[in-house]
Every structure is written in structure tokens, then in C-alpha cells.
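Everything below concerns the one structure shown next.
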């Protein structure tokens with residue numbers, strides 16, 4: 001019990017002092033701590049710091065259409081590249097299914113084998129079929145996406161979309177945003193400190209699907225107005241058109257896409273000094289872009305963003321080096337936002353904002369003041385109760401409670417945790433229950449003294465026997481906190497974080513720290529009796 005060597009005493013004091021020191025920067029303005037070499041801070045959540053809240057919903061029908069369009073290109077490519085080549089008629093994507101006619105019915109088996117190869121044998125990663133492949137009238141193939149395949153595609157797209165949203169928000173320089181999935185097709189975005197959500201909405205509203213395609217110069221302007229394009233082409237809106245027709249016919253085949261993009265930066269045009277976006281492709285994309293421009297000199301090509309033409313240029317000479325630029329009516333801010341969207345990757349599914357709100361920082365300050373007041377009252381009442389009830393041993397417990405408050409804040413700052421309003425509730429709850437361990441220990445020491453044991457034996461048995469109960473009780477609390485952390489979201493997770501930190505720190509301060517103080521007192525004063 002009294003075996004606390006000097007190195008152990010100093011280690012405990014140093015450990016607690018460091019953790020308490022880590023809490024100090026959170027109480028000072030950022031302009032004061034900005035020049036410090038180390039200044040961990042506790043980040044405040046949306047409900048405390050104010051900020052923007054958005055609820056995004058995925059357009060699952062658009063995703064289903066995109067899957068069919070992608071499969072259309074794969075089918076056309078696979079049938080053309082094989083040996084022997086399989087001749088097919090026009091591919092239809094009507095009614096949510098894909099169909100095409102074989103020109104030679106004797107190639108049905110070969111065509112089925114190739115379809116199975118591009119649909120993964122008819123089964124996705126979950127082991128369920130993603131596409132139903134049927135033959136109608138001996139030579140017409142019909143591919144229908146299955147419900148299981150669509151659900152799997154939505155789940156994958158939502159996971160990818162969550163990461164893309166996270167990367168885009170990180171590019172804005174905001175701290176500790178909360179980005180979590182809600183249900184099957186929604187994403188919750190909370191950005192503390194961002195009072196104007198307009199820029200965020202514009203950034204997240206861009207799918208950033210970038211494509212380069214050749215212009216079909218054979219299209220009839222009258223047909224374009226009706227949305228009719230030549231076979232193998234498509235009609236897309238073109239706000240940049242100078243022909244008087246706000247549409248352009250484009251070859252369906254994509255020269256190069258944003259998937260082959262490695263960088264995008266806001267720059268300035270060397271001739272006009274207007275803001276534009278410089279993009280760099282990977283080696284494969286650069287080679288492909290060079291080859292296509294070599295084969296199509298003096299032909300126009302278009303840059304398409306989110307199914308809208310943003311620029312049409314003429315290929316005067318082969319474009320080598322894997323670089324290109326996007327110009328238009330951009331400001332520095334809009335060009336930078338587009339560069340961020342392209343750099344972070346395209347969204348695999350369109351997201352629309354279905355709910356938004358802005359939390360004023362003043363509301364958060366009111367919550368912080370209320371939380372500080374509640375914490376102060378809790379500490380004061382606990383301190384008074386423990387001192388009146390247990391005297392010197394209560395004083396040691398009170399010292400442990402005060403140190404525990406700063407240790408919790410220090411650990412939270414070290415982990416770069418986010419404090420929310422429920423987190424403050426967990427903080428106050430932790431303070432109220434921090435002395436539970438000392439109550440158990442002190443009551444056990446009283447019991448041992450009534451049995452006639454010596455002071456040293458009573459104290460030693462009191463800490464030893466009570467420690468078992470303390471460990472078991474806190475284990476059940478910790479299990480509850482872990483479950484809330486992994487299964488909860490937002491406020492529940494914030495509460496769980498503070499609760500788990502508080503459990504760990506309160507056990508250390510209430511048991512190990514107070515035991516050391518008692519041991520040092522007994523060793524130094526050798527009391528004949530104790531009042532407890």
C-alpha cells in the first residue's frame with residue numbers, strides 16, 4: 001500500500017500535469033495560441049460553434065439510368081472488339097432495360113458468353129445477380145438490372161459519395177465537419193463555423209462528371225431543337241453555342257473522362273488573364289487524349305460537365321503532354337470551386353439538398369455558458385458533499401475531481417475531439433459520478449476500521465477490495481459507451497466520446513492518484529487515528 005517510490009510519484013504528477021496543460025489552449029483565443037509550437041484545441045460542434053447543416057438525398061433513378069448507359073457502352077465495345085466480331089443492331093435503353101438485336105442468330109451463344117464476362121458472370125460482390133440476361137425471339141437480347149443489383153449499386157455509390165463529399169469539404173479548410181450516411185440514400189453534412197452555406201451548397205451540388213467528346217457536325221439544327229440527334233450521338237444543352245441553337249450534338253463515345261484526372265487548379269489565361277481551370281491527366285488519359293486529337297485535327301470537340309457543354313474548341317493541332325484547360329465565364333471563386341470539385345473526384349450519384357439550416361454562433365455561446373455553469377455547480381456541490389462527509393479523504397477526492405476535469409479536456413484536445421451539447425451533458429454526468437469510486441473506497445475503509453484493523457491495513461484493504469467493484473461497475477458503463485459510439489451518430493456519438501474519456505480518467509484519478517496522496521500522507525505523518 002505504501003510502496004510508492006519517488007520515480008512513480010513523479011511519473012504520476014508529470015503525467016497528470018501534461019494532460020492538464022493540454023487543456024489550456026482551448027481556453028485561450030486562437031490568435032494567442034496560433035504561434036505556439038503545440039496547441040491542441042477542442043473543436044466545437046455545430047450546436048456550439050454554429051454553422052451549416054445540409055441533408056443530401058441521392059437521385060437513385062439517375063443512378064439506375066447511368067448504370068444502363070454504362071452497360072450500353074460496355075456491350076457495344078465488347079461485341080465489337082471480340083474475335084469473331086459480333087454484329088448487332090442499335091442498342092435500346094428504353095423502359096429501364098437494355099436490348100439489342102443480333103444480325104446473325106447463330107452467334108447467340110457467343111454473345112451470351114461475352115455478356116456474362118462484362119456482367120461478372122451475372123453476380124455481383126454480394127453473390128446476387130446484378131443483371132438478368134434473356135433472349136427474346138431467338139436473336140434479341142434483353143438485359144434488366146435486378147433489384148438486388150440496384151441496391152448493391154446504391155450502397156456502393158453512397159459510400160463513394162460520402163468520401164467525395166468529405167474530400168470537397170476538407171478542401172474548404174473547415175475543421176471537424178460531420179459527414180455521415182442516414183438511411184439508404186441520404187447524407188447528413190454539418191460544418192461548424194460556416195455561417196454562409198451558399199458556397200457549400202454550390203460545391204456539393206456539382207456532380208463534377210467531366211467528359212471530353214467530339215462534336216457531331218452532321219446534326220440538323222432543326223432536329224437539335226426537337227432533341228433529335230444522329231445515330232450514335234446525343235443532344236446536350238450548350239449555353240456557349242453561337243449558332244442560335246442552345247443545344248449541341250455530340251458523339252456518344254467519350255474521348256476522356258474525369259476518372260483519368262490527377263489534378264485541377266485555378267489559373268489564369270495567358271492571353272486574356274481571365275480565370276480558368278488547368279487540368280492534368282494521368283499517363284493513360286494523356287496518351288489517349290493525344291491519340292484522339294492527332295486523329296481529329298481541325299475537328300471540334302466539347303468539354304462537358306454534369307451533362308452540360310461548358311466549352312467547345314477546335315483541335316488545331318495534336319494536344320500532347322496530358323494537359324488541357326477549361327475556360328468560360330468564371331470568376332476566381334467559381335473557377336476555384338470547380339477545380340475543387342474536379343480534384344476531389346466526381347460524385348457517383350446526383351445529390352440534391354432536401355433540408356438545410358444555419359445555426360447562429362450566439363446560440364452556441366448560450367449553450368457553452370449554460371454548460372460551464374452546470375459543470376461549476378456540479379463540481380461545487382460534489383466538493384462540498386465529499387469534504388463534509390469524509391474530511392481529509394474527501395479533500396483528496398475533491399482534488400482528484402478538479403484534476404479530472406482538466407484531464408478530460410486535455411485528452412479531448414489531444415484527440416482533436418469535437419465537443420457537442422450532448423458532450424457537455426456527458427461531461428457534467430462524468431463529474432457527478434467521478435467520486436463514486438472514492439465513496440466506495442472510503443466506506444470500505446470505515447468498515448475495516450470498525451472491525452478493528454490498523455490504519456494501514458484498513459486503507460490497504462479498502463482500496464484493494466473496492467477496486468474490484470469499481471472496475472466491474474465502470475466496465476459496464478464503458479460497454480454502453482462503446483455501443484453508443486459505434487452504433488450512434490452525431491449527438492449520441494459526441495456523448496459517448498466524452499463518457500468514455502471520463503470513465504478512463506476518473507478511475508485513474510479517483511483510485512491511483514488518491515491512493516498515492518493517502519500513502520504519502522500516512523508515510524509522512526504516521527497518524528494514530530483517522531477521521532473518515
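Tabulated data for the structure shown
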quantity: The range 436-460: number of residues that are outside any helix (DSSP H, G or I) and within 49 Å of the chain's Cα centre (by Cα); calculated: 0
quantity: Subset of the range 139-178 that is outside any helix (DSSP H, G or I) and at pLDDT below 85 - its residue that is nearest to residue 418 (Cα to Cα); calculated: 176
quantity: Residue satisfying all of: in the range 211-226; assigned to a loop (DSSP other than H, G, I, E, B) and modelled with pLDDT of 85 or more; surrounded by the most Cβ atoms within 10 Å (Cβ to Cβ) among these; calculated: 216
quantity: Residues of the range 45-81 satisfying the condition of being more than 28 Å from residue 159 (Cβ to Cβ) and either out of contact with any helix residue (DSSP H, G or I) (no Cβ under 6 Å at 6 or more places or on another chain) or modelled with pLDDT of 85 or more (or both); calculated: 76, 79, 80, 81
quantity: Subset of the range 314-324 (residues that are surrounded by fewer than 15 Cβ atoms within 10 Å (Cβ to Cβ) and under 16 Å from residue 251 (Cα atoms)); calculated: 314
quantity: Answer residue from the range 180-209, given it is within 12 Å of the chain's Cα centre (by Cα) and buried (at least 21 other Cβ atoms within 10 Å of the Cβ) and is farthest from residue 46 (Cα to Cα) among those; calculated: 187
quantity: Among the residues listed as 305, 250, 236, 320, the single one being touching a residue at least 24 places away in the same chain (Cβ under 8 Å) and within 30 Å of the chain's Cα centre (by Cα); calculated: 305
quantity: From the options 274, 302, residue that is over 19 Å from residue 345 (Cβ atoms), buried (at least 21 other Cβ atoms within 10 Å of the Cβ) and in the same structural domain as residue 344 (by TED's automatic domain parsing); calculated: 302
quantity: Residue in the range 32-42 that is touching a strand residue (DSSP E or B) at 6+ places or on another chain (Cβ under 9 Å) and on the phi > 0 side of the Ramachandran plot present; calculated: no
quantity: Of residues in the range 251-294 being assigned to a loop (DSSP other than H, G, I, E, B) and touching a helix residue (DSSP H, G or I) at 6+ places or on another chain (Cβ under 7 Å), the one farthest from residue 339 (Cα to Cα); calculated: 255
quantity: Failed item, numbered, when residue 530 is tested on (1) in a helix (DSSP H, G or I); (2) modelled with pLDDT under 90; calculated: (1)
quantity: Single unsatisfied condition, residue 485 versus (1) surrounded by fewer than 18 Cβ atoms within 10 Å (Cβ to Cβ); (2) touching a helix residue (DSSP H, G or I) at 6+ places or on another chain (Cβ under 9 Å); (3) modelled with pLDDT of 90 or more; calculated: (3)
quantity: Selection count where residues are buried (at least 16 other Cβ atoms within 10 Å of the Cβ) and either under 22 Å from residue 200 (Cα atoms) or out of contact with any strand residue (DSSP E or B) (no Cβ under 7 Å at 6 or more places or on another chain) (or both), scope the range 56-73; calculated: 6
quantity: Top-ranked residue in the range 20-39 [being under 20 Å from residue 372 (Cβ atoms) and buried (at least 16 other Cβ atoms within 10 Å of the Cβ); ranked as modelled with the lowest pLDDT]; calculated: 33
quantity: Residue 371 surrounded by 14 or more Cβ atoms within 10 Å (Cβ to Cβ), in the same structural domain as residue 422 (by TED's automatic domain parsing) and either in contact with a strand residue (DSSP E or B) (Cβ under 9 Å, 6 or more places away or on another chain) or part of a helix (DSSP H, G or I) (or both); calculated: yes
quantity: Residues of the range 87-113 classified as in contact (Cβ under 8 Å) with a residue 24 or more places away in the chain and surrounded by 18 or more Cβ atoms within 10 Å (Cβ to Cβ), total; calculated: 5
quantity: Residue check for residue 455: crowded, with 20+ Cβ neighbours inside 10 Å and within 25 Å of residue 399 (Cβ to Cβ); calculated: no
quantity: Residue within the range 508-519 that is in a helix (DSSP H, G or I), over 21 Å from residue 397 (Cβ atoms) and in contact with a helix residue (DSSP H, G or I) (Cβ under 8 Å, 6 or more places away or on another chain) present; calculated: no
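The values are calculated or read from the model by the stated rules, or taken from the named source; none is laboratory data. Small disclaimer: the values here were computed from a predicted structure and weren't measured. Don't worry about glycine lacking a Cβ; one is built from the backbone with ideal geometry, like all the others, and counts go over all protein chains shown.
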